[in-house]
Amino acid sequence: MAFREYKVGARMFGLAFGSSMFITLYMPAIDIAGVSATTSAMERQLAFGRVGGFSYEDPFLRGHGKPVTVDIVQDPKTGAAIEPTRAYVYPSEVPFPNGVRHPRILGELPSELSVSKGRMTDADEAQGAVFIVRETTRGGVSVPYIENVTATRGWTPDATLAKADDKNRAFIGKGKIMFVREGCWWCHTLLPEQTQDWQYFGAPPMLGDFNGESPTAFGSDRKAPDLTHVGSRNSSREWMMLHFFNPRLVQPHSIMPRYEYMWGDVDADGKPIDYDAWRAAYDEYESGNTIYPPEVPVPAADSEARALIDFVINLK
Amino acid sequence: MFKYLFAKNEDIPAGSAAVFFGFSSIVWFVVGTAIGSFNAAKLAFPDFVMGSEILSFGHMRQVHVLAVILGWISMAFAMAMMYITPALGNTKLWSEKLGVWNCFLWNVGLSLGLFLLWLGVTSGREYSDLPWPIDIVVIVGVLVPLGINVWMTIKTRRVQGIYTTNWFFGAATFMVIIVFSVGNAPEFFQLTGLTEAYLTWWFAHNVLGLWITPVAAAIAYYVVPKVTGNPLYSHRIGHLHFWSVVVFYSTPAAHHLMSAPLPEWLKSFASVEGVLILVPAIAFVSNLLLTMTGKWRMFVENIEIKFTITGVMMAIPLNMQGGFQQTRAINWYVHGTGWMVAHAHLALLGFSTFLEAAAVYYGLQTLLRRKLYSLGLANFHFWMLLIGFTTYWVSMTIAGLIQGAGKIYEVPYIDVVIAEHPYMIARWVGGTMVFLGNCVWLYNMWKTARAGTVIPVGRLPHELAYER
């Protein structure tokens, strides 16, 4: 007995499934690939570094191998005063972001400018590099590009870091890792919706705002305010510090978890933090036995809490 | 189990792999719902268990999601495939040894992956959270061996045609390999930006549409005719269901990102295709309910039919929601709210879980040749699942509507949080009921394996009377 082989059915299946893959994978892919990166996309990826999730350089998501963002007012090479400038410092062996590694990601014109004017591809990971985002005009339209200032102006990573004190350094790349690892995005979205949401949480992102960033961590289940522009609504580091340590200190009805464990063992002065004593004192305050809550320790410069605050404050 | 890993294929009793998968799936269901209940408690009472990084909500949420999807749901699918596929082909499983290895690697790989996720080792992408080395383990150790076993069992069948259930099994095991490989491509190949965001939701949509929904439906196509003794109402409607799943369910992925700056043509296309998932849904539900003709007494008396038909009927609200909530007119109100959480649980804890539970109940009795130990405990399990789930679904739907109103009327967010609090407690109560019901189920199936009445040769489990 000759068995039915389902030849027609198998081919129809291939055709049907293949067509839907063509429409839902190939067509969007070529469409999205034609989008040029915006200034925001360049700032984001230069601040975040290569990957915001699991990676070779940081398999346990501790924030290793990430750039430091600095705000400087002096030229690191000459010492001359310059306009306030935000620079992204990649010490040696810190992986470059995707747009620098694969300029094509930035889109046709920005990548051409970044390579020709910004000498972006001259940067060498082994040596480290410093990048800034600049804009120029092409045909009456402003086009952003990435400048490798180590090549164009001789700003070395060490010299650039030396021009920024602790107050002017932001560990945004490490903070993004904390944001992803701690699952902040399970409740706080990074995508205002195309509704009245704009009036509350700010403008939605544009098509080219994400080129080179991974993961985008938009979030899907909003149990808490959108954070896309949170740094513009609230830029108080003190508020953020209290809120991360115990959200109920600043918002009694908050259901956010306490992130006190991100402070580590010691505070900014190197003093050990006694969590049990703090919680006991807070319970006293909460039950009305004391008038003031206990002091929240200032996080150390290398703590995870500091990096997370840097990340959140810089979501403008 | 371990003694079979290195035994000869012929020496492994037929059905071993399916039994291992069956019990693994129940254990993962208990684990997954326990974590779910724990997480829900944290949302209702934020200071419940604090000061520990790995026990924080942000570390536990993805463990719950993947434990139930890859542990409970997918292992129950593997269990169903490993006894239904050969049964429908009048043959034995192509390789029992591959099946046992498949189960072993699945449990090891999933435990490792969830442990890493628990530590915070994540790709930061919803549903494809597992870091890429674990993705490769899932593809190579879990999905491909399962597919090979199913395809080869269908190929070496000893009957002329292929029954509806096996079309779905064969196609879904193929499609899920493609979906898992392509969906995780952003991690394998460092794809970034909107491509990454889109592929994240392409994966999340298609793993539901091309894996969970069709395989769960395929189980119903087997269990209802088998247990009631009625032939399937219409083979043709089954065709309509199958082909419309392949064509319509594989295309609307972008409707998960209606607010993202994706190309507008893509969102509009996805939205239209999304409404068309009503075609397979209506075909499926009508076909199965019409198959029940004359046997509706079994909906009350028989535990497998009770679970299956409840699951089939849940496909009605599920697809009415699914088809319409993704259109722009409704999506702007409910997107990102508890409504979606309720909908996701209607799909996974309502529709598909009830169908899989039926397959595991029926399959374990068939394979172990033991009658179910206690109908009373099984009914308790059923009602705990149904009432627990309904409590969850109703409370989260209300919470979602509150959130939606808060969103469009620009209510300060904290007022939404305050308004949601009672529903968060209700959700925790509902989820905990599901967890407790599952503990009873594990006990019941364990007792079935040990102390259930032996089913005589030539008899089917549902032909014997319940004893307890």
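The values are calculated or read from the model by the stated rules, or taken from the named source; none is laboratory data. No experiment lies behind these values; they were computed from the predicted model shown. Glycine gets a Cβ as well: all are built from the backbone with ideal geometry, and neighbour counts include every protein chain shown.
Quick notes
- Some residue of the stretch A:199-211 being part of a helix (DSSP H, G or I), at the interface with chain B (Cβ under 7 Å from one of its Cβ atoms) and modelled with pLDDT under 95: yes
- Of all the listed residues (A:Thr160, A:Thr189), the sole one being at the interface with another protein chain (Cβ under 9 Å from one of its Cβ atoms), farther than 15 Å from A:Gly52 by Cβ and buried (at least 24 other Cβ atoms within 10 Å of the Cβ) is A:Thr189.
- Close Cβ contacts (under 8 Å, 6 or more residues apart or on different chains) running from residues in the stretch A:59-82 that are closer than 15 Å to A:Val130 by Cβ to residues that are of a type in the set (S, T, N, Q) and surrounded by 22 or more Cβ atoms within 10 Å (Cβ to Cβ) comprise A:Val70/A:Thr160; A:Ile72/A:Thr160; A:Pro76/A:Thr160.
- In the set (1) among the hydroxyl-bearing types (Ser, Thr, Tyr); (2) more than 30 Å from A:Gly34 (Cα to Cα); (3) assigned to a helix (DSSP H, G or I), A:Ser111 fails one condition alone, (2).
- Taking the criterion of being surrounded by 24 or more Cβ atoms within 10 Å (Cβ to Cβ) and among the small types (Gly, Ala, Ser), the residues of the stretch B:343-377 that qualify are B:Gly350, B:Ser352, B:Ala357, B:Ala358, B:Ala359, B:Gly363.
- Residue match in the stretch A:88-100 (condition: farther than 30 Å from A:Ala305 by Cα, within 14 Å of another protein chain (Cβ to nearest Cβ) and over 15 Å from the mean Cα position of the chain (by Cα)): no
- Filter result (assigned to a helix (DSSP H, G or I) and facing chain A (nearest Cβ under 9 Å)) within the stretch B:397-413: B:Gln403, B:Lys407, B:Ile408, B:Tyr413
- Scan of the stretch A:234-249 for residues that are within 14 Å of chain B (Cβ to nearest Cβ), in a loop (DSSP other than H, G, I, E, B) and within 20 Å of the chain's Cα centre (by Cα), ordered by number: A:Asn234
- Restricting the search to helices (runs of 4 or more DSSP H) fully inside the stretch B:117-189 and requiring at least 1 residues that are in contact with a helix residue (DSSP H, G or I) (Cβ under 8 Å, 6 or more places away or on another chain) and within 16 Å of A:Ser55 (Cβ to Cβ) gives B:132-137, B:185-188.
- Helices (runs of 4 or more DSSP H) enclosed by the stretch B:242-351 - at least 2 residues per element that are within 21 Å of the chain's Cα centre (by Cα): B:278-291, B:303-324, B:338-345
- Under the condition of being of a type in the set (Lys, Arg) and part of a loop (DSSP other than H, G, I, E, B), the residues counted in the stretch A:289-316 number 1.
- In the stretch B:359-377, the residues that are farther than 11 Å from B:Gly452 by Cα form Cβ pairs under 6 Å with partners that are charged (D, E, K, R) and modelled with pLDDT of 95 or more, at six or more places apart or across chains, as follows: B:Tyr361/B:Glu304; B:Tyr362/B:Glu304.
- When the test is whether a residue is away from chain B (no Cβ under 14 Å), part of a loop (DSSP other than H, G, I, E, B) and of a type outside the set (Lys, Arg), A:Asp221 does not pass it.
- Residues that are within 8 Å of chain B (Cβ to nearest Cβ) and either assigned to a helix (DSSP H, G or I) or over 28 Å from A:Thr69 (Cα atoms) (or both), drawn from the stretch A:28-44: A:Pro28, A:Ala29, A:Asp31, A:Ile32, A:Ala33, A:Ala41
- A:Leu227 out of contact with any helix residue (DSSP H, G or I) (no Cβ under 8 Å at 6 or more places or on another chain), part of a loop (DSSP other than H, G, I, E, B) and surrounded by 21 or more Cβ atoms within 10 Å (Cβ to Cβ): no
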